[in-house]
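Worksheet for the structure shown next.
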Amino acid sequence: MAAVATRSEAVSRARLFNVLTIAWNGTEGVVAVLAGLAAGSVSLVGFGVDSAIEVSAALALAWRLRQERRADCTQPSDRVAVRLIAASFALLAVGVGVEAVRDLANNEEPDASLVGIVVATLSLIVMPMLARAKRRLAPLLGSAAVVADARQTTLCALLSGVLLVGLAANAVFGWWWADPLAGIGIAVLAAREAIQTWNAEALEDTCCG
């Protein structure tokens, strides 16, 4: 992909990546939740919920990028977007964590999900590339919100790996407990990102017009 030379080009590229994020995660989330409900998989449902939360984070970033049209400092709106993204991480951590612990305690065994394995594999391929592309734009934009959104995409890639291990272990070896353990892993990663994103420092150039 060609290098970005100006701030306006970076804004346009960031908006394109944002649209791609919303489209990909919207589709991925619906498929994952439906497949997770069908299989009784808390980790797969949690992954689908994360996709929905990533869409909400992308919408927060879309609002932040719209502030580029204004002539005044964009740092306040950048900070609001960062906090909204951090809150989305926390929401995911609580919801998935509670459900995973409940399933583990109640010995609720999920069915194997081939659809879930395919979704996790595709996400594991696509998300790292998208995250790297987003991170390259952050310094030119001076936007902590773009950094936070890139971290959300990176988390999605990590969750894909955790999900894939859990689903594969259940499908191949019949280790039903791997699924709720994967859900707990998703919750822990999301909680860590919530704290780090909430405490993120604003980048120096956020007030560039």
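What follows is calculated from the coordinates using simple rules that are stated; it is not laboratory data. Everything numeric in this text was worked out from a predicted model, so none of it was measured. No Cβ is skipped: glycine too gets one built from the backbone with ideal geometry, and neighbour counts run over all protein chains shown.
Please work out the Kirkwood hydrodynamic radius for the stretch 1-64, using every pair of different C-alpha atoms, and report it in angstroms with one decimal place.
Result for the stretch 1-64 stands at 12.8 Å.
The stretch 100-209: D in µm²/s via Stokes-Einstein (Kirkwood Rh, Cα pairs, 4 °C, 1.567 mPa s)?
84
For a distance above 13 Å, tell me the whole-number percent of Cα pairs in the stretch 89-161 that qualify.
That fraction is 73 percent.
Of Ile186, Val115, Ala138, which is farthest along the charge dipole of the chain in the positive direction, counting Lys and Arg as +1 and Asp and Glu as -1 at C-beta?
Ala138
Using only the Cα atoms, what convex hull volume per residue in Å³ does the chain have?
88
Order of Val98, Val165 from fewest to most other C-beta atoms within 10 Å?
Val98, Val165
Starting from the Cα-Cα distance between Val94 and Met129, subtract it from 0.36 nm times their residue separation and give me the gain in nm to one decimal.
Using 0.36 nm per residue and subtracting the Cα-Cα distance, I get 9.8 nm.
For Ala105 and Ala23, calculate 0.36 nm times their separation in residues minus their Cα-Cα distance, and state this gained length in nm to one decimal.
25.9 nm is the gain from fully extending Ala105 to Ala23.
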